[in-house]
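Enquirer: Structure below; questions to follow.
We did not get these values from a lab; they are worked out from the coordinates using the rules stated. All values derive from a computational prediction rather than experimental measurement. Cβ: placed from backbone, ideal geometry, glycine included. Neighbour counts: every protein chain shown.
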Amino acid sequence: MELGRIDMPDSDLERLNSRHSIPGELQFRNGAGNMPMAIIDNVHCTGSLSLYGAHLVDWTPRGREPVLWLSPRAKFAQDAAIRGGVPICWPWFGSHPSEPGFPAHGIARTGTWRILETARKPDGATFISLRLVPGHSDLQLWPHDTPVEIQFTLGETLQIALITRNLGEAPVVFSQALHAYFQVEDVRSIEVLGLDGLEYIDKVLGGIRGRLQGPLSFASEVDRIFLGSTADCRIADPGYNRIIRIAKQGSSSTIVWNPWAENSAKMADMESDGYLRMVCVESANAADDSVTLLPGNKHCLGVSYSVQYLQDR
Ligand code: TA6
């Protein structure tokens with residue numbers, strides 16, 4: 001794990017804790033790389049959320065394996081995206097549509113977010129909401145008045161809602177994804193279900209379109225944007241004896257990505273065999289599914305991740 005240098009003064013942490021901690025369940029402290037983190041430990045699960053990027057890096061149901069994958073070589077530093085967890089791609093997914101020099105996947109995953117609210121839900125889950133605080137250079141990259149907020153509810157299920165408002169006077173087109181990395185026992189033995197019959201854009205084959213027949217399995221690099229994808233997706237993992245279910249709203253595209261061996265070996269923040277233990281199934285508004293948001297309107301991309309355990313090992 002590579003550590004950068006982000007120091008949040010103790011006084012800021014003290015202020016965060018005095019305003020937003022929940023005794024015994026949620027506290028703020030400096031984590032890897034001195035990154036300020038929200039640490040959750042409730043009756044249902046544990047979790048950790050980096051305030052830089054509003055990036056959830058762990059959700060582990062109590063007594064179970066982590067659901068999210070985090071690279072052991074993830075870099076924790078400002079201006080770098082964390083490899084694993086749930087990076088937020090916003091307000092564009094992938095490359096910027098007209099400016100190839102702009103950062104991949106937008107400005108949210110490396111931005112500073114401010115806590116808006118924390119709460120204990122009646123069922124014991126922990127709620128945290130944050131708003132992106134655009135920096136000076138962000139305004140040059142995205143000159144639109146579109147405040148964005150994210151809400152996490154960590155309990156027996158994990159719920160995330162990414163809410164964008166258009167406070168400007170003209171329509172704004174944007175794309176986005178919750179780029180979730182799921183931990184799997186061995187990607188070669190899993191299947192992703194729920195995408196059967198859908199058209200996809202194959203980024204590995206230069207953007208040609210195809211149509212999936214049956215479940216999706218993995219024997220080489222996969223990087224596909226599935227269109228018309230509104231149904232639940234499931235990751236069936238016989239190694240962990242579990243099925244991760246991904247339900248969503250406000251999204252009709254799903255990206256599935258695994259970089260496979262050659263690309264993993266080239267990535268500084270991944271172990272060369274790291275690809276075996278992860279798969280990204282991303283709930284999105286991407287490509288043909290980009291959002292045109294009219295003035296005064298809001299858009300909510302919501303997901304709910306739950307796990308069905310088939311039998312105890
Ligand atoms: O969602 C898939 C993808 O867009 C891939 O093309 C791949 O590059 C991946 O995201 C990771 O991107 P990153 O910028 O985090 O290295």
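Enquirer: So if I place +1 on the C-beta of Lys and Arg and -1 on the C-beta of Asp and Glu, and nothing else carries charge, what would the dipole magnitude of segment 50-125 be about its Cα centre? I want it in debye, nearest 20.
Expert: It comes to approximately 220 debye.
Enquirer: Can you give me the distance in nm between label points at residue 95 and residue 219, each placed 7 Å from the Cα along the Cα-to-Cβ direction?
Expert: 3.0
Enquirer: In straight Cα distance, which lysines are under 22 Å from residue 121, not counting same-chain residues fewer than 8 positions off?
Expert: Straight-distance partners of residue 121: 248.
Enquirer: May I pose another question? Bins of 5 Å, beginning at zero and ending with the bin holding the largest distance: percent of Cα pairs per bin for segment 131-216, please.
Expert: Going from the shortest bin to the longest, the percentages are 3, 9, 12, 16, 15, 14, 16, 11, 5, 1.
Enquirer: How big is the charge dipole of segment 157-253 about its Cα centre, in debye rounded to the nearest 20, if each Lys and Arg gets +1 on its Cβ and each Asp and Glu gets -1 on its Cβ?
Expert: With only Lys, Arg, Asp and Glu charged at Cβ, the dipole is about 180 debye.
Enquirer: Check the straight Cα-Cα distances from residue 266 and name the lysines below 17 Å, setting aside those fewer than 8 residues away within the same chain.
Expert: The qualifying lysines are 75.
Enquirer: Rounded to the nearest 20 Debye, what is the dipole magnitude of the chain about its Cα centre when Lys and Arg each give +1 and Asp and Glu each give -1 at the C-beta?
Expert: On the way: 28 positive and 36 negative charges, 66 e Å.
Dipole magnitude for the chain comes out near 320 debye.
Enquirer: Could you name the aspartates and glutamates in cross-link range of residue 203, using Cα to Cα under 18 Å and dropping any fewer than eight places away on the same chain?
Expert: The qualifying aspartates and glutamates are 221, 223, 262, 282, 288, 289.
Enquirer: Could you work out [θ]222 nm for the chain from helices alone, using -39500 (n - 2.57) per DSSP H run of at least four and dividing by all its residues? Round to the nearest 500 deg cm²/dmol.
Expert: Mean residue ellipticity, 222 nm, calculated: -2000 deg cm²/dmol.
Enquirer: Based on the Cα atoms of the chain, what semi-axes does the equivalent ellipsoid have, where each is the square root of 5 times one gyration tensor eigenvalue, given in whole Å with the largest first?
Expert: Semi-axes (√(5λ), whole Å): 28, 25, 19.
Enquirer: Expressed in nm to one decimal, what extension gain is obtained for the pair residue 79 and residue 185 from 0.36 nm per residue of sequence separation less their Cα-Cα distance?
Expert: 35.1 nm
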